[in-house]
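The values are calculated or read from the model by the stated rules, or taken from the named source; none is laboratory data. Here the structure is a predicted model, which is why all the values come from computation and not from measurement. For neighbour counting, all protein chains shown are included, and Cβ atoms are generated from backbone atoms with ideal geometry for every residue, glycine included.
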Amino acid sequence: MKKESIYAQVKAEILSVTDGEYNIIANMASVSCLLNLAFEDYFWVGFYIVDPEKENELVIGPYQGTLGCLRISFDRGVCGAAAKTGKTQIVEDVNAFPDHIACDSQTNSEIVVPVFNKKGELIAVLDVDSTKLSTFDETDKLWLEKIINKVFKK
């Protein structure tokens, strides 16, 4: 099945499950689970939430996969770069990314999508890792941004 077809199917599933649900944690858990189940190359799928108690810091949220880093500063790693810039980060080889944080040494490529609420405030980042190099591309960016915007900007 083509990547676009899988995304279309999982987007429909995610929107069906999250329809009418406004609890952010419940929606993050559902998105993580369904994305993880949909793609065999997704090794780790989860959210890092902006910590309201600590400026410019992310704290682990709902995820599927091995143990994640508990906290990430906005000035560290791929997740920090996405949080700091407000832009999706696609990394073909995490070992070549300056200041990459190796939460799990099995990760080789990564995409991180900033998550904004309807007021345009950064509330989290969606982090997806793969054990393979160059797993993520503009198709992943487009679909993941569509899904995230539909679920969290309501």
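Given Leu126, Leu142, Leu122, which one is within 11 Å of the chain's Cα centre (by Cα) and not β-branched (Val, Ile, Thr)? Walk me through it before giving the result.
On the way: Leu142 fails: within 11 Å of the chain's Cα centre (by Cα); Leu122 fails: within 11 Å of the chain's Cα centre (by Cα).
Checking each option against the conditions leaves just Leu126.
Looking across the stretch 51-74 at every residue that is within 24 Å of Glu138 (Cα to Cα), in contact (Cβ under 8 Å) with a residue 24 or more places away in the chain and not small (Gly, Ala, Ser), the one that is surrounded by the fewest Cβ atoms within 10 Å (Cβ to Cβ) is identified as Gln64.
With respect to the conditions (1) closer than 28 Å to Gln9 by Cα; (2) part of a loop (DSSP other than H, G, I, E, B), Trp143 lacks only one, and its number is (2).
Looking at this structure, is Val17 β-branched (Val, Ile, Thr) and either touching a residue at least 24 places away in the same chain (Cβ under 8 Å) or part of a loop (DSSP other than H, G, I, E, B) (or both)? Reasoning before the result, please.
On the way: β-branched (Val, Ile, Thr): yes; either touching a residue at least 24 places away in the same chain (Cβ under 8 Å) or part of a loop (DSSP other than H, G, I, E, B) (or both): no.
No: the conditions fail for Val17.
Once the stretch 57-76 is narrowed to residues that are out of contact with any helix residue (DSSP H, G or I) (no Cβ under 9 Å at 6 or more places or on another chain) and within 17 Å of Ser109 (Cβ to Cβ), the residue that is modelled with the lowest pLDDT is Gly68.
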